[in-house]
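Note sheet for the following structure.
The values are calculated or read from the model by the stated rules, or taken from the named source; none is laboratory data. Because the structure is predicted, anything quoted here is derived from the model rather than measured. Every residue, glycine among them, receives a Cβ derived from its backbone with ideal geometry; neighbour counts consider all protein chains shown.
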């Protein structure tokens, strides 16, 4: 009689287990890649974004960004994209990124405006600038200009989101009464 490790049936079982393990790891990696792929989308139509935010009952967060801006990448990759993947924020805010160096954007009233003119309107004098808006494009809270340190930025951003949601709900309650 052969030892258990020389048994062909034993090797076949081990082989099947290894194959199953490889496929299960590949599946979890694929699903992680899907979650990683959920990034805050760019916008070119604020009117459509506002309609979506209205349907959800949440404020619209717009980050004014520039291509090749390292600070913009920090805000997006360390704060906004993780929030986008976090289910807790789906009921709090709709997030978009607007390229200040882009061409034209559809404004809240349906007009096509230059992206840099929109940045001037919202006081986005530096990149990144984050604004939280109601469904008509009005500021709900003070804008977040730039990023000096990432240590406290998440706290400020979270507080601004929560306050804007509260103010938006107050606005909506006044309209309904």
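Tabulated data
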quantity: Matching option when the condition is over 21 Å from residue 164 (Cα atoms) and either surrounded by fewer than 18 Cβ atoms within 10 Å (Cβ to Cβ) or under 12 Å from the mean Cα position of the chain (by Cα) (or both), among 85, 54, 112; calculated: 112
quantity: Checking residue 75 against (1) part of a helix (DSSP H, G or I); (2) over 13 Å from the mean Cα position of the chain (by Cα); (3) crowded, with 21+ Cβ neighbours inside 10 Å, the condition it does not meet; calculated: (2)
quantity: Where residue 105 falls short, out of the listed (1) closer than 18 Å to residue 41 by Cβ; (2) in contact with a strand residue (DSSP E or B) (Cβ under 7 Å, 6 or more places away or on another chain); (3) loosely packed, with under 13 Cβ neighbours inside 10 Å; calculated: (3)
quantity: Residues of segment 138-156 classified as under 21 Å from residue 121 (Cα atoms) and either touching a residue at least 40 places away in the same chain (Cβ under 8 Å) or outside the structural domain of residue 92 (by TED's automatic domain parsing) (or both), total; calculated: 3
quantity: Breaking point among (1) part of a loop (DSSP other than H, G, I, E, B); (2) at pLDDT 60 or above, for residue 51; calculated: (1)
quantity: Every residue from segment 123-159 that is surrounded by 16 or more Cβ atoms within 10 Å (Cβ to Cβ), out of contact with any strand residue (DSSP E or B) (no Cβ under 6 Å at 6 or more places or on another chain) and under 15 Å from residue 94 (Cβ atoms); calculated: 134, 135, 137, 157
quantity: Residue in segment 63-82 that is modelled with pLDDT under 95 and touching a helix residue (DSSP H, G or I) at 6+ places or on another chain (Cβ under 6 Å) present; calculated: no
quantity: Given (1) closer than 19 Å to residue 48 by Cβ; (2) in contact (Cβ under 8 Å) with a residue 24 or more places away in the chain; (3) exposed (fewer than 13 other Cβ atoms within 10 Å of the Cβ), index of the condition residue 91 fails; calculated: (1)
